[in-house]
Amino acid sequence: MKTGTEKKDIRSLYPEELAEWILSKGEKPYRAGQIFQWLHKSQVLNPEEMSNVPKSLKQELEQDFACSTLREELRQESKLDETKKFLFELSDGNMIESVFMKYRSWNSVCISSQAGCNMGCSFCASTIGGLSRDLTAGEMLLQVYEIQKLLSEKISRIVVMGSGEPLENYDNLLRFLRLVNHRDGQDISMRNITVSTCGIVEKIEELAGEDLSINLAISLHAATDEKRKKIMPVAMRYGLKDLIAACRRYFERTGRQLTFEYALIDGFNNTSEDVHSLLRLLEGLNCVVNLIPVNPVRDRAFKEPGSRAVREFKAELERHALNVTVRREMGRDIDGACGQLRARKAKKL
Ligand code: SAH
């Protein structure tokens, strides 16, 4: 089967779109359901494997659609926990990373939404080398399907926190969410999916109107515009006032509690002044602050605070009744942070 951008990725189609195509070919409508289940429930990699679909129809499928692929290029397995990190090659040679994480009662994957990233956050490895391209919905799904197959494990939670800015690839992200949630596919509950964004304000507004019960996480990392601009170029586009206003509306519309991610960088954003800015900023908002000791990847200027400083920062926020969690570090020994493996492979790190 040919792959390429000129043809639509068959795995990105909604069942209704497949049905429309089936009808245009003069085939029986129930074939669309069969094909959808092969792709999303049985997770076949290639239409050839759809044993109850007539050969002529399979040939037509191959003629009209592309079928994205993922090839495992590298795998790193943590010795500290059961975290496994995959470097996958896409059909066009681009590389992406996905991470499998095992918790006590569920398995989770962290997927990429773009190959590379354009956001330029100064502490993040995914953005080294810029954006190569958006992933299709099918390529986001494949990360889940491939890992399930490779590890013979069932995945029930997904975090869209790998490389890329998901809200800059909005239409494909929405397709991905609806497809992975589809009852004829993997049927993963929206409540078990978290999308993380650096804060694309108009897209947060749009997402609020989509009637999805996903979890939204906002990468905040600093509580004043001045500070945020130093580490996140997106802060030049959107001020914190507008970002937080969009978050308030998001909560009002969806009733879903927001998470704010805050990478603690020693001496930069972990002073008591930062605590107070953060408290002022998030006042009255139903949210959780997730503290992440920064993973030093590029610049030695980004140092993580010691565990005592992390505890103190957390305690001070909690004294003011903020909900705070500290991210459990998984796979720290295997380049756990976004984009490190890919950048290393491309010799950019
Ligand atoms: N573009 C999206 C999702 C990808 S990054 C976003 O910005 O949210 C997922 C999370 O990891 C983000 O909160 C990001 O800021 C954080 N992150 C990236 N590099 C990191 C590092 N070196 N240490 C700690 N957190 C990091």
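The values are calculated or read from the model by the stated rules, or taken from the named source; none is laboratory data. All figures in this text were calculated on a predicted structure; none of them were measured in a lab. For neighbour counting, all protein chains shown are included, and Cβ atoms are generated from backbone atoms with ideal geometry for every residue, glycine included.
Data for the structure
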item	result
Residue selected from segment 282-297 under the condition assigned to a loop (DSSP other than H, G, I, E, B) and among the polar types (S, T, N, Q), by the criterion surrounded by the fewest Cβ atoms within 10 Å (Cβ to Cβ)	286
Residue match in segment 235-254 (condition: in contact (Cβ under 8 Å) with a residue 40 or more places away in the chain, of a type in the set (Gly, Ala, Ser) and over 16 Å from residue 285 (Cβ atoms))	no
Scope segment 182-202; condition on the phi < 0 side of the Ramachandran plot and over 15 Å from the mean Cα position of the chain (by Cα); matching residues	182, 183, 184, 185, 186, 189, 201, 202
Matching option when the condition is surrounded by fewer than 17 Cβ atoms within 10 Å (Cβ to Cβ), touching a residue at least 24 places away in the same chain (Cβ under 8 Å) and out of contact with any Pro (no Cβ under 8 Å at 6 or more places or on another chain), among 55, 28, 79, 85	79
Residue within segment 268-277 that is free of Cβ contacts under 8 Å to residues at least 60 places away in the same chain, of a type in the set (Val, Ile, Thr), assigned by TED's automatic domain parsing to the domain that holds residue 222 and outside any helix (DSSP H, G or I) present	yes
Within segment 255-266, considering residues that are under 19 Å from residue 207 (Cα atoms) and in contact (Cβ under 8 Å) with a residue 24 or more places away in the chain, the one surrounded by the most Cβ atoms within 10 Å (Cβ to Cβ)	260
Odd one out for residue 101 among (1) closer than 26 Å to residue 80 by Cβ; (2) near the ligand (Cβ under 10 Å from one of its atoms); (3) hydrophobic (A, V, I, L, M, F, W, C)	(2)
Matching residues, segment 1-18, being touching a Phe, Trp or Tyr at 6+ places or on another chain (Cβ under 9 Å) and assigned to a helix (DSSP H, G or I)	10, 11, 12, 15, 18
Checklist (1) under 20 Å from residue 175 (Cα atoms); (2) buried (at least 21 other Cβ atoms within 10 Å of the Cβ); (3) in the same structural domain as residue 130 (by TED's automatic domain parsing) applied to residue 99, failing item	(1)
Subset of segment 19-58 that is under 26 Å from the mean Cα position of the chain (by Cα) and of a type in the set (A, V, I, L, M) - its residue that is modelled with the lowest pLDDT	45
Boolean, residue 161 is crowded, with 20+ Cβ neighbours inside 10 Å, in contact (Cβ under 8 Å) with a residue 40 or more places away in the chain, more than 25 Å from residue 33 (Cα to Cα) and over 13 Å from the mean Cα position of the chain (by Cα)	no
Test: residue in segment 333-346 that is modelled with pLDDT of 90 or more and touching an Asp or Glu at 6+ places or on another chain (Cβ under 7 Å)	no
Number of the condition not met by residue 62 [criteria: (1) at pLDDT 95 or above; (2) more than 30 Å from residue 106 (Cβ to Cβ)]	(1)
Residue 113, sole failed condition from (1) buried (at least 16 other Cβ atoms within 10 Å of the Cβ); (2) free of Cβ contacts under 8 Å to residues at least 12 places away in the same chain	(2)
The one condition in (1) within 13 Å of the ligand (Cβ to nearest atom); (2) modelled with pLDDT under 95; (3) aliphatic (A, V, I, L, M) that residue 321 fails to fulfil	(1)
Residue that is farthest from the ligand (Cβ to nearest atom) [pool: residues in segment 122-135 that are of a type in the set (A, V, I, L, M, F, W, C) and at pLDDT below 95]	128
